[in-house]
Amino acid sequence: MRHPRQGIPLALRLAAWLLPRDARDEVLGDLVEAWRAREHTQSRWSRAVWTLRQPFVALGARLRSARRVDATQPPSLSLIRRRAGVGFSWLDLKLGLRMLGKYPILTVVAGITLALGIPSALIPTHVIGFYYLDLPVDEGDRVVGLRNWDLESNRQTLRNLHDFEVWKTRLTSFEALAAARSLPWNVHSPDGRAGEVLGSEVTASLFTLLREPPLLGRTLVGADEAAGAPDVVVISEDVWESRFVRDPDIVGRTITIGRRPHTIVGVMPAGFYFPARDHLWLPLRAKADDYAVGAGPDVLVVGRLADGVSRDQADLELRTVGTGLAAVWPETHTRLRAEVVTFPIMAMAERAAGPLADWEIVLIQLFFLALLAVACGNIGTLILARTAMRLDELAVRTALGASRTRILGQLFIESLVLALGATAVGLAFAQAVGTSVVDRLLTEEMPYWFDVGLSLRSALIALGVGAGCAVAAGVLPAVKATSPRIQQNLQRSARGATVRFGALTTVLIVAEVALSVGFLCFGTVAILSFAGDGSLRSRVPVDRYLMASLRTPWIAPPTELAGTYEEQLRARTALNNEELRDRLAADPSVRHVAMGRNLPGTPHASPVVIVEGTGATDDAPTASIEAARVHVDFFRDLGLQIVQGRGFTPEDARGEPDAHRPAIVVNELFVERVLGGGDAIGRRVRYPLGAPGGEEQWYEIVGVVETFGTNILVPERSEALYHPLGSSELNPMRYIIEVAGSPAAFIPRLRALAADVDAEAMIERPEPLADVVARMRLENRVGTWMIFGLSAVGMLLAVTGLYALMSFTVSQRTREIGIRTALGAGATSVVATIARRALLQLMAGVVLGCAFGWWIVDEVSSQSDFADVSVPGIVLGVAVAVIAFSALACLSPTRRGLRIQPTEALREA
Amino acid sequence: MGRSRFGELEEQVVLALLQLGGESYAVPVAEELEARAGREVSPATVYMVMRRLQEQGFLTSEVGTPDPERGGRPRRFYRVVRKAVVPALAESRRARLALWEGLEPLLEDS
C-alpha cells in the first residue's frame, strides 16, 4: 500500500491549501476521489489538464466566497497592488512573457539552467524536511515523540518502560501517551503459509491517541494488556486481504504468531501501519516492574499534545520531569536528557535538531548552492548583455517619465517570469524523475508516513529561491545597466551608450570555469571507478551466493536460560546462530556458509589507518582500507586460505563487544599495498580517527588471509583488515551462503531450516548476492552521473558565459573593429580585439580549476572506495576538454567579427 | 416581486443535490451537474458553494468516516433544509418563467 499522501498530485494539494484551513482535508478528499475516478474515464492528458486547473479553480472559489461574505472588501489584485504601492501592471507581465519569445536562446539556456539548478540546490533542504513530516492521522502535527537522549554516547535510548510509567502520571501537556515496540513476527496463517510479518506490541491508548477507528471489530482495550489475558491481535487490512481473502467473519478467528494462537479482534483500515509499516498490533504486556530501571525492551513513546499546548511547552515540562527522575535514579538517568521531538526524528533515531549539524549535508548543500550561484551569475551576464542592447528603449521610457525604480521593477518582472516558469518546470521534472529513481533505490519498504514526494513546503521554498534568482540574475544587472552614469552617457551621445563587463563579470566567469574543471575532475574519477562491472574482475562468483540475516527476537516471557534478560537473549542468539550455520553446512546443496557483519560483496567501512614504524602521523595516515567484522570461524567456513600466521580463535573475541580486542587478520593485498610486502605477523596498526578502545589503541596482525571480495565494485582496492566477532554479538547476524544451484531457489529451504532451529527466529532480507551487487552499482552510478551531469551543466554555463561575453564584445565594438580593419589591421589583430579578454578569463579559470581538480582527484583517489587513478592524466584531460568546448563557443562570434566590413560598420555607426 | 436568494450556480447545486435525494457530497453533485446540465464544475467549487449555502441556512452538513480511497480523508455530507430551500427555489423558478413569458418563439426561430 502506498502512503495516503503519496501519489496525490501536488496541484491537488496546492488547490486544497488555497482554501480555508477547516475545508482543506475534506476538499482534498473530494479532489482525490474525483481524480481517481478520472483514471478510467479520461485520457492521461485530459486528466493532467484537469489536475493542473484545480489550484486556479480553488483560488477562484475562495475569492468568490470571500467577496460574498464581505462584499465591502473585494480582494482584487488591483486593490492589493495600489495598497502595496508596488506599481507593476499586467503590461509588465505581458512584456515579460513577450521577452521570453523575443530572446529564445536566452530563454532556453537560462530556463534549463534554473530548471536544473533550483530543484538541485534544494535537495538537502528537501531531505531535511523528511524529519518534520506529520503523521498522516487526524491533526498529525500534534502527535510527537518522547524519548531520552544519552548525552554520553550521543544516542537516543528507548529503554523507557519506567519513564513511560512516570510520564503517564505526571505530564499534563499531553492529551494521551502510548508506547509501542515494533518487531518482526513469524506468522502462520490457516492456509499453512508461514513468514515474517512486521508487527507491534502497543498500549491500548495508541488507537485513541491516533484517532484511528477500526475497519472491523475493535481495537485493543486496557484489559488486553493484563498478564494472563487471552492472546489477541488487531490486523491490517493487507493481512486481512492477503491471508484471509477479506473473510467478513474474520473477527474471532485465530492466527498463530510465533508459537501461540492469537484471536483476531479487529481489522485496521488500509493506510494505517503505525509505527513504521506494521501489520499486526498486539497488547504490550511488558511492565516496568519486571525490569530494572534503564533495562527492558526498547519502546517508542508517543503523545498527543493537549489543546493549546505547544511542542516547546511540552518539551519544557518533560525536561523538568526528566531532571526530577535524574535525582531519583542517578545511576541511569544523570546522563539522560528527556525531550519532545517530531515522530520521524525519534523513529530515525536522529538528534533533536535533525541532521542539520551533519557536516556532510552542509557540504552537499554548499556544493549545490555554489552551482546555483554560478548559474545565476552566468544568467546575470546574459541578461546584462540583453539589457545593454535595450538601452535605447529604456532611455525612451525614461524620457516619457518612467522612474528608475519603475524600470527596475519591469526588468525584475521579466526575470521573475523566467525564473518562476523554470522553477515550475524543474519541480515537475524533479517530482517525476526523483520519485522513480528513489523507488528503484529504496529496497526496503519505507515507514508509512515517509513521503519522498514534493511537499508544499519544498515547492514554496523552491519558488522563493526562484524569486531570489530573479533578483540576482535580473535586478543586479539591471541596476548596473540603468546606472545614472550610463543614463548621462546616453543623453550626451547621439550614438547611444555602452555597458562594459566589469570586474564582477570577470570573477564570475573565471570562478565558473574553475569550478567546472574541478567538479568534472571529480566526476571523471567516479566514472572511471564505477563505469565497469568490478565484480567481473573480482574472484567472487556473485551468482552463486545468497545473503540473509537471522534475527533472534526479544520475546517475553523469559526463557529457561539463566541470567538477566539481555544475557538470556545473547545466549539464545549464539545458540541460534551456531545451530543454523551447522545445519546449513550439513545441507547437501550448500557449499560454504559463513557469518559476519561485513560480508564479501557488501559495503564495508573504509577508515584510514596508521601502520607502526612507517612514519605516518594522524594528519598523514598510511592508507584508507576496508575494515570488516567477521565471525571467528569466517575464514575456515568460507574455505579461505591462511597464507601467514593463523586465523581467529574464539579467544580473540572474548570479552564485551566494545572492549579492545587486539588481534586482527589482514588480507594479502593489504600486505602488498599497505605494508609493502614481507612478513606481516606482529606488525601493528591503529585508527587515528577513533575505534573501540580509543585512538591510541594498537591492533596486532596475527594472520594473513587470501584476498576475497571486500571491495567488489573496485576490486583493485580490496586491501582489508578483519576484526573478530562472537556468535552472540550481532542480532540479526548476517550470513553468506554459497549454494550449488540457484541462490533464490534456496530461500524456502533456508526459512525451513531457521524455523527448525527456533520457531520465533526470523530470516530477514534473503537476497542473491548478484542482486545486492547490482543495487550497489546502481546507487554508485546514479550518484556518479548526478555529479557528472551537474558538473557538465556548470561547464555549459561557463561556455555560455564566454559566448555571451564575446558576442557582446562584437556587438559593442563593431565600429571600432571596422575602423581597425579600414586602417589595415589583419585577422590576428581583430581576433585579439574580440577574444583577448575571453581567452584571458578562460585561461585563468582553467589554471585555477586545474589546481582545484588536482586537490580533489588526489583526495578522492586515496579513498579505498574509488579507483587508483593518474592525477595529472585526469586533470590534463579535463582541462583540454574544457578549453576545446570553450573554443567552439568562441568560434561563431569570432567569425562574425572577422566578417565585419569597414564601410558597413562605419555607415551603421 | 422579491429577488431569488440563489445565484445561478447555487441554484444548480441545490437542484443537483435534490436530484441525488437531498443528501450527498461534492463529488457526486459535481458529476450530477455535468451529467444533467452539461456544466463541468470542480468538486472544490461545489464544496465552497455548499459551504456558503450552509452559512445561509439552506443546507446542513455532517462529516462521514475517513475513506482509504480518498487518501484517508472524510467526506462532508450536505443535506437540503427543505423549509428554507423550497420557497427560494419556487421564487427563482417563478421569476425565470415570468421573464420567459412570450419569448418562446425566439427559441423556435433559432
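The values are calculated or read from the model by the stated rules, or taken from the named source; none is laboratory data. In this text the structure is predicted, and so the values were computed from the model without any measurement. Here the Cβ positions follow ideal geometry from the backbone for every residue, glycine too, while neighbour counts run over all protein chains shown. For accessibility, only protein heavy atoms count, side chains too; no ligands or nucleic acids. Shrake-Rupley method; radii C 1.70, N 1.55, O 1.52, S 1.80 Å.
What the table below lists for this structure:
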quantity	calculated
FRET efficiency for A:VAL507 and A:GLU651, using Cβ-Cβ distance with R0 set to 56 Å, rounded to 0.05	0.30
Per-residue ³J(HN,Hα) for the range A:835-852, Karplus 6.51 cos²θ - 1.76 cosθ + 1.60, θ = phi - 60°, Hz, x for Gly and Pro	9, 4, 5, 4, 5, 4, 5, 4, 5, 4, x, 5, 4, 4, x, 5, 5, 5
At most 13 other Cβ within 10 Å, DSSP loop - GluC sites (Glu not before Pro), the range A:139-178	A:GLU139, A:GLU152
Shielding score for A:271-280, defined as the mean number of other chain Cβ atoms within 10 Å	1
Spherically averaged projected area of the range A:598-644 from its Cα convex hull (nm²)	4.5
Helical contribution to [θ] at 222 nm, DSSP H n ≥ 4, -39,500 (n - 2.57), averaged over chain B, rounded to 500	-16000 deg cm²/dmol
Within the range A:741-838: Cβ-based charge dipole about Cα centre, in debye rounded to nearest 20 (Lys, Arg +1; Asp, Glu -1)	1100
Most to least accessible of A:ASP315, A:ASP868, A:ASP307 (protein chains only, probe 1.4 Å)	A:ASP307, A:ASP868, A:ASP315
Area of B:SER24 that stays accessible when all protein chains are in place (1.4 Å probe, Å², to 10)	10
Whole-number Å³ per residue for the convex hull built on Cα positions in chain B	112
Largest-first ordering by accessible area, 1.4 Å probe, given options A:TRP35, A:TRP698, A:TRP854	A:TRP854, A:TRP698, A:TRP35
For the range A:568-626, convex hull volume per residue from C-alpha positions, Å³	158
Fully extended contour minus Cα-Cα distance, from A:VAL643 to A:LEU215, at 0.36 nm per residue	147.7 nm
Table column - 3J(HN,Hα) (Hz), the range A:573-583, Karplus curve with 6.51, -1.76, 1.60, x for Gly and Pro	4, 4, 4, 4, 5, 5, 5, 5, 4, 5, 5
Dipole of the range A:752-909, positive direction: furthest Cα of A:VAL882, A:THR809, A:VAL830, with charges on the beta-carbon	A:VAL830
Full-stretch length increase - A:ILE819, A:LEU369 - with 0.36 nm per residue and alpha-carbon distance subtracted	157.5 nm
Percent carbon-and-sulfur accessible area, chain B, ignoring ligands, DNA and RNA, probe 1.4 Å	50
Heavy atoms of A:CYS890 accessible to a 1.4 Å probe, total area in Å² rounded to 10	20
0 to 90° range, to nearest 10: angle between helix B:82-100 axis and chain B longest Cα axis	30
Shielding by partners, peptide A:16-29 (average Cβ within 10 angstrom, other chains)	5
Between 0 and 90°, nearest 10: helix B:43-55 axis offset from chain B longest Cα axis	80
The range A:193-240 pair-distance distribution - Cα-Cα, 10 Å bins, rounded %	21, 54, 24, 1
Percent RCO, i.e. relative contact order, over the range A:92-195, from Cα pairs under 8 Å lying at least 6 residues apart	8
log10 of Debye I(q)/I(0), alpha-carbon scatterers only, for the range A:7-67 at 0.20, 0.27, 0.29, 0.30 Å⁻¹	-0.71, -1.13, -1.23, -1.28
Coil-residue trypsin sites (Lys or Arg not before Pro) of the range B:8-110, DSSP, other Cβ within 10 Å capped at 15	B:ARG39
Buried accessible area, chains A and B (both chains, 1.4 Å probe, Å² to nearest 100)	2400
A:ALA605 long-range amide H proximity, modeled H, under 5 Å	A:ALA627
Förster radius 56 Å - calculated FRET efficiency between A:ARG896 and A:ASP138, Cβ distance, rounded to 0.05	0.25
Per-residue SASA entry for A:LEU888, accessible area with 1.4 Å probe, Å² rounded to 10	110
In order through the range A:22-31: 3J(HN,Hα) via Karplus (6.51 cos²θ - 1.76 cosθ + 1.60), integer Hz, x for Gly, Pro	6, 9, 4, 4, 5, 5, 4, x, 4, 5
For A:ARG218, residues with placed amide H under 5 Å, excluding near neighbours	A:GLY266, A:VAL267
Cα gyration tensor, the protein assembly as shown - rounded (a/c under 1.5), prolate or oblate	oblate
Amide H contacts of A:GLN644 (H built 1.01 Å from N, under 5 Å, at least 5 apart or other chain)	A:VAL704
Global geometry of the range B:69-110, whether rounded, prolate or oblate, following the gyration tensor of its Cα atoms and the 1.5 cut on a/c	oblate
Student exercise, the protein assembly as shown dipole from Lys, Arg, Asp, Glu Cβ charges, in Debye to nearest 20	5660
Extension gain (nm, one decimal) between A:ALA424 and A:LEU59, 0.36 nm per residue minus Cα-Cα	129.6 nm
